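Right, one structure below, let's go through it.
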Ligand code: PEP
Ligand code: MG
């Protein structure tokens with residue numbers, strides 16, 4: 001029996017046979033090609049692009065309506081990458097220079113690019129290495145005319161060094177009943193992780209040399225418990241325990257289904273707002289199904305990252321109006337102004353590099369230096385807010401003078417719009433994200449200036465613990481249940497009471513059962529999370545009694561580490 005610990009990407013408890021994805025499913029032979037055959041190889045290459053594109057468009061067509069549009073966009077990006085002129089030129093030049101078969105040239109070029117991406121500082125680019133490999137495998141598959149390599153995956157857990165986004169979509173489209181995924185760590189924000197969550201496949205990331213392990217006949221995948229683990233060749237006793245745990249998990253799933261259309265109120269009748277963290281847009285069908293109270297965080301950077309220039313005012317207005325229409329005009333939609341820098345960059349604008357970008361020009365710091373960009377966005381938000389429940393929020397606020405600047409700028413824009421005879425919501429609410437320690441310590445004063453706080457616990461944990469949230473080495477140190485982070489959150493909750501400022505949490509913990517119990521015990525009543533987590537959040541909210549949470553609050557704030565915090569809350573949940 002071996003236990004491999006790691007991260008949970010999507011929760012589940014599964015006992016099933018493992019299926020090992022070979023590191024090289026497509027065996028590539030390398031051979032030289034004579035001068036006169038080079039053109040034939042180029043022709044084969046072009047044919048493979050055509051075929052790969054055809055297959056991709058079929059896949060996109062088949063998946064329309066079955067998966068969220070934002071997930072399909074991944075495939076559209078791959079579609080464009082297949083035609084990337086730089087990549088194409090490089091292959092053709094190498095073919096002529098190295099005179100090797102096109103398969104070998106593709107493999108070498110893909111490896112070169114994907115290695116270059118892997119070395120990049122920016123984790124978002126690093127994770128794009130998988131997309132490059134995906135393109136390569138599509139081309140090789142087209143050249144080999146290879147059909148699915150996953151025929152015998154049905155009912156099993158897929159074990160892989162990495163899995164490409166399009167492979168996952170292929171598996172889904174072919175209706176293969178994949179029970180779970182175990183893969184080495186590529187980051188919670190990788191496309192594969194995002195897709196696994198959307199497709200609701202229990203997924204674990206962690207371990208090393210997974211393909212070299214002895215997996216045995218069946219394994220346990222547990223991404224539900226406190227410490228996500230994969231167990232190979234389990235003993236009879238462990239297996240018995242897991243069968244019980246699996247029943248509990250299934251029971252909870254049933255409960256969740258049953259509460260999906262019920263209000264998110266606690267046992268003592270306190271309404272808890274369960275809102276959604278959104279990228280560019282959300283399908284109405286998804287919003288209807290999850291019965292969300294609003295969008296607590298619209299990450300507008302995705303609108304900026306998509307195009308090839310800063311988006312115009314009109315373009316932004318249309319997007320914000322559409323998101324609000326999809327959500328329901330009366331429901332709150334909090335639009336966060338551009339949060340760029342550190343891990344997020346723009347394809348058309350190079351932010352000057354700094355020694356420590358996470359502590360440098362990012363979020364509001366960047367937009368305050370580029371006032372015209374901020375102005376365009378605030379104008380768009382103000383204009384879209386007419387007759388809609390839209391609020392504006394700024395990321396990475398560090399001190400009061402920044403708040404004064406944004407408020408002055410907003411007033412200036414309102415004056416301009418009035419002079420131009422353009423209507424907008426004059427009473428729009430302005431809030432800030434609390435994700436920097438100085439904002440925590442100054443929250444009581446900051447609250448005098450603004451309408452609401454939204455605590456960004458993802459970044460707040462990074463800055464309180466001085467640990468890069470994407471660090472692969474220190475992913476044990478980065479933990480938002482560290483009592484230091486919880487104390488900071490509680491300080492903001494207390495400050496919000498003092499000034500009667502609304503407060504919400506929009507980091508990942510707001511969608512986790514443990515996080516919800518803790519945040520409610522601090523008196524926080526608005527939580528914003530990934531759509532997938534809303535039903536489970538509603539279920540736990542309905543089991544809690546706010547007036548009885550004081551003890552939990554005291555114990556977690558008194559804990560010495562995150563393990564103790566998790567243990568206390570888990571025990572509490574067990575007895576609900
Ligand atoms: C956060 O930092 O908690 C947050 C919600 O913002 P983002 O994850 O987009 O940085
Ligand atoms: Mg943040």
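Can you give me the C-alpha center-to-center distance between segment 471-517 and segment 57-79, rounded to a whole angstrom?
Distance between centres, Cα-based: 35 Å.
Normalised by the number of residues in the chain, what is the relative contact order in percent for Cα pairs under 8 Å and 6+ residues apart? Don't jump to the answer; show the numbers that get you there.
On the way: 1009 pairs, mean separation 79.3, N = 576.
Across the chain, relative contact order equals 14 percent.
Based on the mean of other beta carbon atoms within 10 Å per residue, what is the order of 435-443, 456-464, most packed first?
Values: 435-443: 20.6, 456-464: 23.6.
Ranked by mean Cβ neighbours within 10 Å, highest first: 456-464, 435-443.
Report, in deg cm²/dmol and to the nearest 500, the calculated mean residue ellipticity at 222 nm for the chain, where each DSSP H run with n ≥ 4 adds -39500 (n - 2.57) and the sum is divided by the residue count. Can you show the working numbers first?
On the way: 23 runs with 273 residues, N = 576.
One gets -14500 deg cm²/dmol as the mean residue ellipticity at 222 nm.
Note the angle between two axes, namely the Cα long axis of helix 400-420 and the longest principal axis of the Cα atoms of the chain, as a number of degrees from 0 to 90, rounded to the nearest 10.
That helix lies at roughly 90 degrees to the long axis.
For 394, 191, 369, 161, what's the fewest-to-most ordering of other Cβ within 10 Å of each Cβ?
On the way: 394 26, 191 23, 369 11, 161 16.
Ordered from fewest to most neighbouring Cβ atoms within 10 Å, 394, 191, 369, 161 come out as 369, 161, 191, 394.
Under the rule a/c < 1.5 gives rounded, and otherwise a/b versus b/c splits prolate from oblate, where does segment 35-144 land using the Cα gyration tensor?
Working: a/c = 2.87, a/b = 1.35, b/c = 2.12.
Because a/c hits 1.5 or more and a/b fails to exceed b/c, segment 35-144 counts as oblate.
Can you sort 512, 90 so the residue with the fewest Cβ neighbours within 10 Å comes first? Please report the intermediate quantities before stating the final value.
Working: 512 23, 90 16.
In increasing order of surrounding Cβ atoms, one gets 90, 512.
Could you sort the peptides 69-76, 568-575 by per-residue average Cβ neighbour count (10 Å cutoff), highest mean leading?
In descending order of packing, they fall as 69-76, 568-575.
Which shape class, rounded, prolate or oblate, goes with segment 458-572 when its Cα gyration tensor gives a ≥ b ≥ c as root eigenvalues, a/c under 1.5 marks rounded, and past that a/b bigger than b/c marks prolate? Provide the component values of the computation, followed by the final result.
Details: a/c = 1.34, a/b = 1.29, b/c = 1.04.
Rounded, because the longest to shortest axis ratio a/c is under 1.5.
Rounded to the nearest 5, what is the percent of antiparallel bridges among the DSSP beta bridges in the chain? Don't skip to the answer; put the middle values down first.
Values: 20 of 59 bridges.
Around 35 percent antiparallel, to the nearest 5.
Give me 57, 48 sorted ascending by neighbouring Cβ count inside 10 Å, so fewest comes first.
By the 10 Å Cβ count, ascending: 57, 48.
Could you work out how far helix 102-118 tilts from the main Cα principal axis of the chain, as a 0 to 90 degree angle to the nearest 10?
30 degrees
Over segment 262-546, what is the relative contact order in whole percent, taking alpha-carbon pairs under 8 Å and six or more residues apart?
On the way: 524 pairs, mean separation 61.4, N = 285.
The value is 22 percent.
Could you tell me which of rounded, prolate or oblate describes the chain, using a ≥ b ≥ c as the square roots of the eigenvalues of the alpha-carbon gyration tensor, with rounded for a/c under 1.5 and, failing that, prolate when a/b is larger than b/c and oblate otherwise?
Details: a/c = 1.93, a/b = 1.26, b/c = 1.53.
Judged from the Cα gyration tensor, the chain comes out oblate (a/c at least 1.5, b/c at or above a/b).
Using Cα centres only, tell me the gap between segment 98-170 and segment 350-426 in whole Å.
After rounding, the separation between the Cα centres reads 40 Å.
Pairing the Cα long axis of helix 371-384 with the longest principal axis of the chain, what angle in degrees results, from 0 to 90 and rounded to the nearest 10?
70 degrees
Calculate the FRET efficiency for residue 387 and residue 32 from the Cβ-Cβ distance with a Förster distance of 56 Å, rounded to the nearest 0.05.
Details: r = 69 Å, r/R0 = 1.23.
With R0 = 56 Å, the Cβ-Cβ based efficiency is 0.25.
Computed from the coordinates by the stated procedures, all read-outs in this text should not be read as laboratory data. Predicted, not measured: the structure shown is a model, and the values here were computed from it. Every residue, glycine as well, gets a Cβ built from its backbone with ideal geometry; the counts of neighbours run over all protein chains shown.
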